[in-house]
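Notes for the one structure printed next.
The values are calculated or read from the model by the stated rules, or taken from the named source; none is laboratory data. Given the structure is predicted, the values throughout are model-derived calculations rather than measurements. We place every Cβ from the backbone using ideal geometry, glycine too, and count neighbours over all the protein chains shown.
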């Protein structure tokens, strides 16, 4: 009996989906949404490389990277071995919290950092790249839903857990592992998760992503050479799901290939580099400042009602730097009040410590909205907020807000913001990347790498 034949039922569903899914099986809308998220990840990797954590990561690879130069680090003019490239891309793509979000996590950054290096190593076609990305995202989001957000509430940075699943899926798909090999890779990846919540808000946070991405790629490569794991590592006793989740919802895994999350529940693309939970409050604040005529001097306070998941994530009421500001509802809401805008241009130490901004932080009061918590639950913290602006004359403006939804053209503008506005590449160069991703099925990985190296 083969190893695959010994696997438990839900594990088999995952392995079948990874190994059997073809480009032609994927709905067109899913493919188009995948393109937007690949473009977004490349853009945020460029801007992430300008951060201190990005610079240190590139210095680390230059100093200690080993192996043959077979894979590219995005925007770094540098090649290294496939595992170090995946590790570095993971850190760069997560460095400024500008990636997409879904149920308190970041699916695309759990896939794209491995996608590009492994695709380059094997010489993948555009259709193979898109297929692998979709497979990785769908596996990630289905396991995210099956496990719920429980790991977050036990102190884990949950993105670092599910990233191993996305990374090994995309790597195994591109390496064309057979089902026995894919099962072994899957089991190995179950032991390579990374991330403690206490390390959110510092360099260690994107390290979680890089480490888990590298672990997923390493697992697939080891399995391709015959390295083994337990066939029940995912859903057996003391396995991945048993350890992280008290009541798994395996029905989500059983939807793989039937209900496509990139169509029905697409990940939210961020318009501002901050924690996903800040975007519904920022969206609500933006709606209020655009709709009503008042000055910030008129504001008595701003109440931000969140679910237990959202209110629990906001660590820094008085942020001192951009890393703390990304996890500060006080900064993010004050930013929209003060500038009536958002985006990467405001992601600076000068803005965080501007005296005019610092005067606004104490006005923001975030609290647990018990009614909202009962309605939507803590798992959907990223998607809801009640924003109430109270003026000194007693006037109140209140909205139930959700994160903004960006289309491809808006993602394209965000890409320009992440690249051209940093003077990292020219607008003409950016246009070439945008156009190639839009028509990626017609190209090869070598064409894309020539533009993003």
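Points worth noting:
- Residue in segment 150-192 that is surrounded by the most Cβ atoms within 10 Å (Cβ to Cβ), counting only those that are assigned to a loop (DSSP other than H, G, I, E, B) and more than 15 Å from the chain's Cα centre (by Cα): 190
- Taking the conditions (1) in contact (Cβ under 8 Å) with a residue 40 or more places away in the chain; (2) outside any helix (DSSP H, G or I); (3) over 26 Å from residue 429 (Cα atoms) in turn, residue 68 satisfies each one other than (1).
Matching residues to (1) surrounded by fewer than 12 Cβ atoms within 10 Å (Cβ to Cβ); (2) touching a strand residue (DSSP E or B) at 6+ places or on another chain (Cβ under 7 Å); (3) outside any strand (DSSP E or B):
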{"position": "336", "(1), (2), (3)": "no, no, yes"}
{"position": "341", "(1), (2), (3)": "no, no, yes"}
{"position": "345", "(1), (2), (3)": "no, no, yes"}
{"position": "351", "(1), (2), (3)": "no, no, yes"}
{"position": "356", "(1), (2), (3)": "yes, no, yes"}
{"position": "362", "(1), (2), (3)": "no, no, yes"}
{"position": "367", "(1), (2), (3)": "yes, yes, no"}
{"position": "371", "(1), (2), (3)": "yes, no, yes"}
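- For segment 373-414, residues that are touching a strand residue (DSSP E or B) at 6+ places or on another chain (Cβ under 6 Å), in a loop (DSSP other than H, G, I, E, B) and at pLDDT 90 or above total 1.
- For the residues 131, 192, 141, the requirement of being within 25 Å of residue 327 (Cβ to Cβ) and either touching a helix residue (DSSP H, G or I) at 6+ places or on another chain (Cβ under 6 Å) or at pLDDT below 95 (or both) singles out 141.
- Just one of the listed residues (288, 253, 329) is crowded, with 16+ Cβ neighbours inside 10 Å, in the same structural domain as residue 135 (by TED's automatic domain parsing) and more than 18 Å from the chain's Cα centre (by Cα), namely 253.
Okay, residues lined up against (1) farther than 24 Å from residue 282 by Cβ; (2) free of Cβ contacts under 8 Å to residues at least 60 places away in the same chain; (3) touching a helix residue (DSSP H, G or I) at 6+ places or on another chain (Cβ under 6 Å):
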residue	(1), (2), (3)
348	no, yes, no
356	no, yes, no
359	no, yes, no
364	no, no, yes
371	no, yes, no
385	no, no, yes
388	no, no, no
410	no, no, no
450	yes, yes, no
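- Test: residue 86 is in the same structural domain as residue 210 (by TED's automatic domain parsing) and either surrounded by fewer than 24 Cβ atoms within 10 Å (Cβ to Cβ) or within 22 Å of residue 277 (Cβ to Cβ) (or both): no
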